[in-house]
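Asks: There's a structure below that I have some questions on.
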Amino acid sequence: PLLGSDSYPERRGVRKGNTVYVYGSGLTEDTLRSAFSQHGNIIDLSMDNPRNCAFITFERMESADQAVAELNGSTVGDVYIKVSIARKQPMLDAATGKSVWASLAVQNSTKGSYRDKRNQVVYSEDF
């Protein structure tokens, strides 16, 4: 049988990040904002209504950890929700310049702006 990603949970490290994944049928942006803003400053909230889920990005990782600890398995606005740290974390620091390392990487990126530093060789037509 094929093994899923959760077959060996002891091998997986603890997830870290400031974005949480929320699952629940009938979620609304207003109910999520009111419930999750109590745990910290929300800098981004995106919903995927067909999949009954949302991603909420906090300013601090501690806020995300607190939201998971206190809201996972709870009921928010008559909706039972599951909350966990999101598997993929957005690179918001690079865009806003809050992280020194991320902003250095963005500044020194050659993607789309590569220039060939070699001199062009022109041959004469006297063959």
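Asks: Taking the stretch 15-32, which residues are small (Gly, Ala, Ser) and not in a loop (DSSP other than H, G, I, E, B)?
Replies: none
Asks: Next question. Kindly establish whether ALA95 is touching a helix residue (DSSP H, G or I) at 6+ places or on another chain (Cβ under 6 Å), modelled with pLDDT under 75 and not acidic (Asp, Glu).
Replies: When the stated conditions are applied, ALA95 does not pass them.
Asks: Out of the stretch 74-87, which residues are within 17 Å of GLY17 (Cβ to Cβ) and modelled with pLDDT under 90?
Replies: The one that is within 17 Å of GLY17 (Cβ to Cβ) and modelled with pLDDT under 90: ARG87.
Asks: How many residues does the stretch 33-87 contain that are in contact (Cβ under 8 Å) with a residue 24 or more places away in the chain and in a loop (DSSP other than H, G, I, E, B)?
Replies: Matching residues across the stretch 33-87 total 9.
Asks: Just a yes or no: is a residue in the stretch 52-73 surrounded by 11 or more Cβ atoms within 10 Å (Cβ to Cβ), farther than 12 Å from VAL20 by Cα and modelled with pLDDT of 80 or more? Talk me through it step by step, then tell me what you get.
Replies: Of the stretch 52-73, the ones surrounded by 11 or more Cβ atoms within 10 Å (Cβ to Cβ) are 52-68, 70-72.
Right, trim to farther than 12 Å from VAL20 by Cα and you get 52, 70.
When the remaining residues are screened for being modelled with pLDDT of 80 or more, the result is 52, 70.
Yes, some residue in the stretch 52-73 is surrounded by 11 or more Cβ atoms within 10 Å (Cβ to Cβ), farther than 12 Å from VAL20 by Cα and modelled with pLDDT of 80 or more.
The values are calculated or read from the model by the stated rules, or taken from the named source; none is laboratory data. None of these values were measured; they are calculated from a predicted model. Backbone-built Cβ (ideal geometry, glycine too); neighbour counts: all protein chains shown.
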